[in-house]
Amino acid sequence: KQWYQRRVVITAGVTDQKGEKGANLDVPFTIEKADKDLDKGQVHIAKASKDHKFTNARFKVVLSGDASKLTGEATADSLTCDDQSGYIIYYQRIPPPPKQGPPPGSFMLEIEGCPPLEDDKRAPGYPTIKVKNQRGEKGASISFSFTVTKSEADLDKDQVHIDKASKDHKFTAARFKVDLSGDTSKLTGEASADNLTCDDQGGYLIFYQRIPPPPKHGPPAGSFLLNIKGCKPGEDDE
């Protein structure tokens, strides 16, 4: 079971939200315990930036219930375009990224009259990046392939990167060696690493130019998980 599933279950009403500039917003949600009693002081809401970093959200949270189930109401007034973003409601700390789909407790807030969240000021036409989840063994080497296909602008090999995601959704350069072949329309990459350890187990993101904003649904294109045989699952973090 996943880290956040063993301790709590954050359930709907956390759905994507729509608001208007200058108006107020109410977001209901529930949290149910899995094995430990709930503590109201451990419930938080964070706002996601375009590079997947999180900061405390400005929502005011009111909680009711008991140690088994909490009902929450998150409110914000005088909405602005700056409030438009992805958010996550979490318990204790932000959970590791799930293998598939958005994490429980996450939602998007769109503000009417503001530029769409997809209007990121990157080069036009973000490429299509395809890669599969990977498995390895401690002490062994790993090599896997991926593809980058252009959308509009010609591709530049120097703009292809791989980062590793931490449990709090921060990214650092991965230690994979990357060899690229192809042309300005499509690149085929070969990523490799030797002497795998449990530290290599985790989520990764192959991206072009810079890390894209979080998608509305599902994991970002180019993301993959590396599981190392003989290491504890990444979700079993204490």
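Laboratory data are not the source of any read-out in this text; all were calculated from the coordinates shown. No experiment lies behind these values; they were computed from the predicted model shown. No Cβ is skipped: glycine too gets one built from the backbone with ideal geometry, and neighbour counts run over all protein chains shown.
Just grab the label-to-label distance for Ala34 and Thr149, each label 7 Å out from Cα along the Cβ direction, in nm (one decimal).
3.7 nm
So if R0 is 30 Å, what FRET efficiency would Ala23 and Thr172 give, r being the distance between their Cβ atoms, rounded to the nearest 0.05?
The value I calculate is 0.20.
Which distance in nm do the two modelled labels at Arg135 and Lys60 give, with both placed 7 Å along the Cα-to-Cβ direction?
Here the modelled spin labels are 5.2 nm apart.
Apply 1/(1 + (r/R0)^6) to the Cβ-Cβ distance of Thr128 and Asn195, taking R0 = 30 Å, and write down the FRET efficiency to the nearest 0.05.
0.40
Over 22 Å between Cα atoms: which of Lys40/Lys232; Lys60/Lys170; Lys130/Lys157 fall into that group?
Lys40/Lys232; Lys60/Lys170
Please give the FRET efficiency for Thr71 paired with Lys232, using the beta carbon to beta carbon distance and R0 = 35 Å, rounded to the nearest 0.05.
0.55
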